[in-house]
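A quick write-up on the structure given underneath.
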Amino acid sequence: MLSPLTNTNIVSGDPRGATDRELSVVRVLIASNDASLRDRLRRAMNKAGMSCCAVRTPAAACERLAGGAGVDQDGQCVSYDVVVVDAALSDEPAAGLAPFAEEAGTCLVLVAGPIDAEGAIAAVRAGVADIVQADAMGELLGRVKLAAAKSRCGRRQQNRIVKLKRMCRRLNSAREQVARQAEALCTDLVQAYQELADHMSQVTTATEFKGLIRNELDIESLLRTTLEYVLSRTGPTNAAIFLPTTTGDYSLGAYVNYDCPKETVDILLDHMANVVAPRFESLTGLLYLPEQAGLDRYIGDDAQWLDDSGVVALACKHENETLAIFMLFRDRKHTYNAPLLEQITTIGELFAAQLARVIHIHHRHLPKHKWGMLGDPEHGADDGYGDLAA
């Protein structure tokens, strides 16, 4: 059997910075069913300037801990600093009170007779901060003050942890908001860069094509140069340029055959010149028909000639007058993307402007009402339009 331990101090650390004035308002809860012990403890602690409340049972002590010792000037519940428990209260008084004391941030001080090592260890494990002999009242007051300082220090630390957690949540929320804004900004920058790249591509296309056709004053050469440049942008595709006649029909000016059967391509293009091209004469801007439904809507029964093809049509206009119909078509599996369609639109506008210039130069010696149309017989393929059939 181990020797009995008396006045065992289990409080760790020194409550530095805790002044006597701060400890003069120590709030103590006394739990004992011994009336004489309760009175002695209360008188001694009141004389030391402490605020005391005494109960008889562990259940009453738990209720007091849950309710607090009162409210402060801000209306906040004030916790007890120390719970002084009579070891004779029950077999395991500390074990029952420990969870409530821990939740309230309150230290437990056990008042007992002589206690051995095994009993001291059991008390510590139960949550007791200090063990004092019941007859050592002067020492008990000092231990209660130390325990109160420890309780207050722990509560301050706990409050600080709560504030830090709250601040961390706010900072994390701000970080997430900044991350979302940064992500949105990056998306906007990517879009802006893509738009700028597309715009620069358009500028490059316009500059290159305008430089190529600037000195093309022959219609045949202009058609050939235009189709060659278009093919450099689109890759393999069927292409045709239809020119208007004075009768309101269209004739084939030039074409490129990519995958149409050679024995039927002439019939196909003639049919397109007579039937399909006039359907696009009133177009404003470029029209892309990647699906059969679109072909049926614009071309009707004649769409069967272009089965399984995606079609691009553009009315090349100058001063609201249609000077040519430009058409591209190929298998729907090989689509025309948006940047390419924008380039084709730019090419069509520049082609129409140069075509108007060529017409004006060739007919400048005649009144305008005698100029005729580009697709008239005197301007037909036999006079130099030619074709670029592959």
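The values are calculated or read from the model by the stated rules, or taken from the named source; none is laboratory data. This one's a predicted model, so the numbers in the text were calculated from it and none came from an experiment. Positions of Cβ are backbone-derived with ideal geometry, glycine not excepted, and every protein chain shown enters the neighbour counts. Side chains are part of the model used for accessible areas, which takes the heavy atoms of the whole protein and leaves out ligands, DNA and RNA. Shrake-Rupley method; radii C 1.70, N 1.55, O 1.52, S 1.80 Å.
From most to least packed by mean Cβ count within 10 Å, the peptides 305-313, 229-237 give 305-313, 229-237. Here the accessible area of region 188-281 is 54 percent carbon and sulfur, with a 1.4 angstrom probe and all protein chains present. Among beta bridges from DSSP that stay inside region 106-263, the antiparallel ones total about 55%.
Remark: the residue 275-residue 263 segment gains 2.3 nm on full extension, using 0.36 nm per residue and subtracting the alpha carbon distance. The Cα center of region 117-144 and the Cα center of region 159-195 differ in position by 51 Å. Accessible surface for residue 212 stands near 80 Å², nearest 10, in the context of the full protein assembly shown (1.4 Å probe). Put a dot 7 Å past the Cα of residue 196, heading toward its Cβ, do the same for residue 182, and the two dots end up 2.1 nm apart. Heavy-atom accessible surface of region 147-292, averaged per residue, reaches 60 Å², computed with a 1.4 Å probe.
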